[in-house]
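Asks: Please read through the structure below; I'll follow up with questions.
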Amino acid sequence: MAIKKIVLLGEPKLRKISTNIQVEDISKPYVQDVMRDLGDTLLAYKTPRKKIQKGVGIAANQIGSNLRIFAIYIETKMHAYTDVNAMPLTFFINPKIISHGEEMLDGFEGCMSFKHYRARIRRYKDIEVEAYNEKGELMKMKLKSFQARVFQHEYDHLDGTVFIDKADTQTLVRESDYAKKWKKAKPEVIEDLRSHRY
């Protein structure tokens with residue numbers, strides 16, 4: 001339908017808890033239109049010069065809708081991350097985290113609603129989820145590592161939570177500095193960076 005303007009941190013819409021959708025309404029235009037806008041906006045979110053994918057997920061409240069929907073699209077080759085498995089453009093309606101493993105991983109995240117910054121946040125490595133797809137069919141998936149991280153990030157959005165709310169704010173860094181100092185740093189170096197010993 002359209003590429004939408006991203007709602008930025010500080011706007012009340014981003015903090016509003018999203019509303020579940022009746023399964024019988026998934027086929028209705030008001031839901032289908034939001035999904036098309038989510039897909040168009042996410043697929044268009046690339047670096048201007050290199051056309052590299054920058055966004056891997058987007059929640060409906062990031063384009064001003066209060067519906068409990070998000071989309072994930074992960075290309076095969078991601079330039080900012082390792083340990084990445086691709087995911088075609090997938091819509092998650094009324095998503096739930098059914099279970100999770102005990103192991104958690106630290107990783108840097110950014111957000112289209114909080115541009116040009118990253119911070120380290122701890123997420124579950126393995127999760128089992130369910131949601132309805134764009135056809136109103138119930139999906140169940142086991143996600144791990146990067147896919148699990150993206151799902152948890154977008155799931156938080158639906159509850160009005162932005163990644164910076166859960167992040168280690170001592171690691172908050174501009175994108176340009178992340179690439180220089182943090183991106184390939186070993187865990188012990190990251191601890192030095194956190195402690196401002198660099």
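Asks: Taking every pair of Cα atoms in the chain, average 1/r, invert it to obtain the Kirkwood radius, and report Rg/Rh to two decimals. Mind showing how you got there, number by number?
Replies: Working: Rg = 16.7 Å, Rh = 17.3 Å.
My calculation puts Rg/Rh at 0.96.
Asks: Please list 111-118, 2-9 highest first by mean number of surrounding beta-carbon atoms within 10 Å per residue.
Replies: Listed from highest to lowest mean packing, they are 111-118, 2-9.
Asks: Quick one: which of Lys54/Lys181; Lys140/Lys183; Lys13/Lys180; Lys4/Lys144; Lys13/Lys96 span more than 28 angstrom between C-alpha atoms? Could the numbers behind the result be given before it?
Replies: Numbers: Lys54/Lys181 19 Å; Lys140/Lys183 32 Å; Lys13/Lys180 34 Å; Lys4/Lys144 30 Å; Lys13/Lys96 21 Å.
From the list (Lys54/Lys181; Lys140/Lys183; Lys13/Lys180; Lys4/Lys144; Lys13/Lys96), the Cα-Cα distance tops 28 Å for Lys140/Lys183; Lys13/Lys180; Lys4/Lys144.
Asks: Here's something else I'd like to know. Amide H to amide H under 5 Å from Tyr117: which residues, 5+ apart in sequence or cross-chain, H placed 1.01 Å off N in plane?
Replies: Cys111, Glu175
Asks: Using a 10 angstrom Cβ neighbour count of at most 15 plus a DSSP loop assignment to flag exposed GluC sites (Glu not before Pro), which longest range of the chain is free of such sites?
Replies: Answer - 1-74.
Asks: Can you give me the long-range amide H partners of Lys46? Hydrogens built in the peptide plane at 1.01 Å from N, cutoff under 5 Å, separation of 5 or more residues or another chain.
Replies: Amide H neighbours of Lys46, under 5 Å, 5+ apart: Lys54.
Asks: Still on this model: 5 Å is the cut-off here: which amide hydrogens, built 1.01 Å from N in the peptide plane, fall below it relative to Val7, excluding neighbours closer than 5 in sequence?
Replies: Ile63, Gly64
Asks: Under a point-charge model restricted to the Cβ atoms of Lys and Arg (+1) and Asp and Glu (-1), what is the dipole moment magnitude of the chain relative to its Cα centre, in debye to the nearest 20? Could the numbers behind the result be given before it?
Replies: Working: 35 positive and 27 negative charges, 187 e Å.
Charge dipole, the chain, about its Cα centre: 900 debye, nearest 20.
Asks: Still on this structure, please answer the following. Could you compute the net charge surrounding Gly110? Neighbours are other residues with a C-beta less than 9 Å from the C-beta of Gly110; K and R count +1, D and E count -1. Intermediate values should be presented prior to the final figure.
Replies: Values: positive: Lys54, Lys115, Arg118; negative: Glu109, Glu175.
Here the charged neighbours net out to +1.
Asks: Ok, one more. Please give every one of the aspartates and glutamates within straight-line cross-link reach of Lys142, meaning a C-alpha to C-alpha distance under 17 Å, and leave out same-chain neighbours fewer than 8 residues apart.
Replies: Qualifying aspartates and glutamates at Cα under 17 Å: Asp83, Glu102, Glu103, Asp126, Glu128, Glu130, Glu154.
Asks: Pairing the Cα long axis of helix 145-158 with the longest principal axis of the chain, what angle in degrees results, from 0 to 90 and rounded to the nearest 10?
Replies: The two axes meet at around 60 degrees.
Quick note: the coordinates plus some simple rules give every number you see, no bench work behind them. What you see is a predicted model, and the numbers here were worked out from it, not measured in a lab. No Cβ is skipped: glycine too gets one built from the backbone with ideal geometry, and neighbour counts run over all protein chains shown.
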